[in-house]
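Asks: Here it is: the structure, laid out below.
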Amino acid sequence: MQISLAGRLRVLRIERGLTVGEAAEKIGIDRHTLGRVEGGTQRPSGPTLLKIAQGYGVPVKELVEEPIPPKVEAPSPPPELSEEERREELRNIRDLLVDVHALLEGLVQAYQASGDASKLATLLAVAMFVVLGSEQFVKEEVGTEAADRESMRIYTAGARLEELVEDIQEILSATEGDHEPSVVINLSEWLSRREAG
């Protein structure tokens, strides 16, 4: 963290246990001037800066020189997964998608039974984002071709989530008649554009 000249002066004064008035008297400048310099509203002139450095017993260079930030090494890339580790990761992702589907399905049934269209609309938004996230994961981590059994299971879990989104849309349409809540219309349009693009 870099500290400004004003900050360095405050630190030096506080380290020495001085008030602004006491420090100004020791340095030989007006306390209002020191207060403004410490507050960052006034830049000290060369002679004032020299007096401050001498008063605190530090070189002027220490006051005005920006500290060199420490070098930060880039994080090393994650280790490559073995084929068995990759399959295990894919199984875990598929299990997560299946669990999310079951949770969302249970909420749909509860909200449908209570007739709460606003909660269903919110649930639709959540389900759409889960679908989009799972599709993005598949594109980036699995690839476009499902070459193995675990990849196919992830595709299937994602497809089941998409079917749930369609079911929620149908329930909302039936609940609201011809007037779907605006969140459903906007998200439906967004999902349609995403599928088209």
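The values are calculated or read from the model by the stated rules, or taken from the named source; none is laboratory data. The structure presented is a predicted model; accordingly, all values stated were derived computationally and were not measured. Virtual Cβ from ideal backbone geometry, glycine too; neighbours counted across all protein chains shown.
Asks: ARG31 passes all but one of (1) farther than 30 Å from ARG149 by Cα; (2) in the same structural domain as SER134 (by TED's automatic domain parsing); which number fails?
Replies: Condition (2) is where ARG31 drops out.
Asks: Any residue in segment 19-46 that's free of Cβ contacts under 8 Å to residues at least 60 places away in the same chain and surrounded by 15 or more Cβ atoms within 10 Å (Cβ to Cβ): show its pairings with residues that are of a type in the set (D, E, K, R) and part of a helix (DSSP H, G or I) at Cβ separation under 6 Å, as long as the two are six or more apart or on different chains.
Replies: VAL20/ARG31; ALA23/ARG13; ALA24/ARG31; ILE27/LYS51; ILE29/LYS51; GLU38/ARG10; GLN42/ARG36
Asks: Of the residues that make up segment 69-83, is at least one touching a residue at least 24 places away in the same chain (Cβ under 8 Å), over 24 Å from the mean Cα position of the chain (by Cα), under 30 Å from ARG10 (Cβ atoms) and not assigned by TED's automatic domain parsing to the domain that holds ARG153? It would help to see each step written out before you state the result.
Replies: Restricting attention to segment 69-83, the residues satisfying the condition of being touching a residue at least 24 places away in the same chain (Cβ under 8 Å) are 69.
The next check asks that each one be over 24 Å from the mean Cα position of the chain (by Cα); those that pass are 69.
Remaining after also requiring under 30 Å from ARG10 (Cβ atoms): 69.
Filter once more, keeping what is not assigned by TED's automatic domain parsing to the domain that holds ARG153: 69.
The answer is yes; a qualifying residue exists.
Asks: If we scan segment 53-62, do we find a residue that is free of Cβ contacts under 8 Å to residues at least 40 places away in the same chain, under 30 Å from ASP148 (Cβ atoms) and not polar (S, T, N, Q)?
Replies: no
Asks: Taking segment 61-84 as the search range and keeping residues that are surrounded by 10 or more Cβ atoms within 10 Å (Cβ to Cβ) and part of a loop (DSSP other than H, G, I, E, B), which one is modelled with the lowest pLDDT?
Replies: Taking segment 61-84 first, the residues surrounded by 10 or more Cβ atoms within 10 Å (Cβ to Cβ) are 62-65, 67, 81.
Right, trim to part of a loop (DSSP other than H, G, I, E, B) and you get 65, 67, 81.
Working: GLU65: 74, PRO67: 62, LEU81: 75.
The qualifying residue modelled with the lowest pLDDT is PRO67.
Asks: I've got another one for you. Need pairs with beta-carbon distance below 8 Å; first residue polar (S, T, N, Q) and within segment 164-183, second modelled with pLDDT of 75 or more; sequence gap 6+ or separate chains.
Replies: Listed by first residue and then by second, the contacts come to GLN169/LEU124; THR175/GLN112; THR175/GLY115; THR175/ALA117; THR175/LEU120.
Asks: How many residues are among the polar types (S, T, N, Q), farther than 15 Å from SER4 by Cβ and at pLDDT below 90 if we restrict to segment 20-47?
Replies: Filtering segment 20-47 for residues among the polar types (S, T, N, Q) gives 33, 41-42, 45.
This time we only want the ones that are farther than 15 Å from SER4 by Cβ, so: 33, 45.
Now restrict to residues that are at pLDDT below 90: 45.
Number of matching residues: 1.
Asks: Are any residues in segment 1-39 outside any helix (DSSP H, G or I) and of a type outside the set (Lys, Arg), and if so, which ones? I'd like the intermediate steps shown before the answer.
Replies: Let us first name the residues in segment 1-39 that are outside any helix (DSSP H, G or I), namely 1-4, 16-19, 28-30.
Passing the criteria: MET1, GLN2, ILE3, SER4, GLY17, LEU18, THR19, GLY28, ILE29, ASP30.
Asks: Taking segment 86-118, which residues are more than 28 Å from the chain's Cα centre (by Cα) and not in a loop (DSSP other than H, G, I, E, B)?
Replies: Going residue by residue through segment 86-118, those that are more than 28 Å from the chain's Cα centre (by Cα) are 87, 105-106, 108-117.
ARG87, GLU105, GLY106, VAL108, GLN109, ALA110, TYR111, GLN112, ALA113, SER114, ALA117 - these are the residues of segment 86-118 that are more than 28 Å from the chain's Cα centre (by Cα) and not in a loop (DSSP other than H, G, I, E, B).
Asks: Please work out which one of (1) modelled with pLDDT of 75 or more; (2) out of contact with any Pro (no Cβ under 8 Å at 6 or more places or on another chain) is the condition SER118 fails and give its number.
Replies: (2)
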